[in-house]
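Taking it in order: structure first as structure tokens, then the write-up.
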Amino acid sequence: MNAAFLTVKEAAEYLSLSPHTLYVWRHRRQGPPSFRMGPRGRVMYRREVLDAWIREQEQADSRSNEALSPLSTVPQHRSSRMPSA
């Protein structure tokens, strides 16, 4: 699988997903960007775009991104006073 363009089946294999998952994500406008190619309009994925999408997913996950981790934020102390009515 060395091609720059991947079919749905190849992209699913590359991402360790089922082709069905990619079809569902495409229908819901989620997941990695895809496009139609050729006269029959085959759904295709660019390998470089899949790699970029994977990096975006890693950065959006707080376990992989220290800036998003709730453990790296300074705790805020609540005031002990009750608001007056």
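Which value in nm describes the separation of the simple spin-label points at THR21 and MET37, placed 7 Å from the Cα toward the beta carbon?
Taking the two extended label points, one gets 2.2 nm.
Does the range 5-62 come out rounded, prolate or oblate by the C-alpha gyration tensor, with a ≥ b ≥ c the root eigenvalues, rounded set by a/c under 1.5 and, if not, prolate when a/b is larger than b/c and oblate if not? Show your work: numbers first, answer last.
Working: a/c = 1.87, a/b = 1.67, b/c = 1.12.
In terms of gyration-tensor shape, prolate.
Calculated FRET efficiency, THR7 and ILE54, Cβ-Cβ r, R0 22 Å, to nearest 0.05?
On the way: r = 18 Å, r/R0 = 0.82.
According to the calculation, E is roughly 0.75.
Read the figures in this text as sums done on the coordinates, not as results from a lab. None of these values were measured; they are calculated from a predicted model. Backbone-built Cβ (ideal geometry, glycine too); neighbour counts: all protein chains shown.
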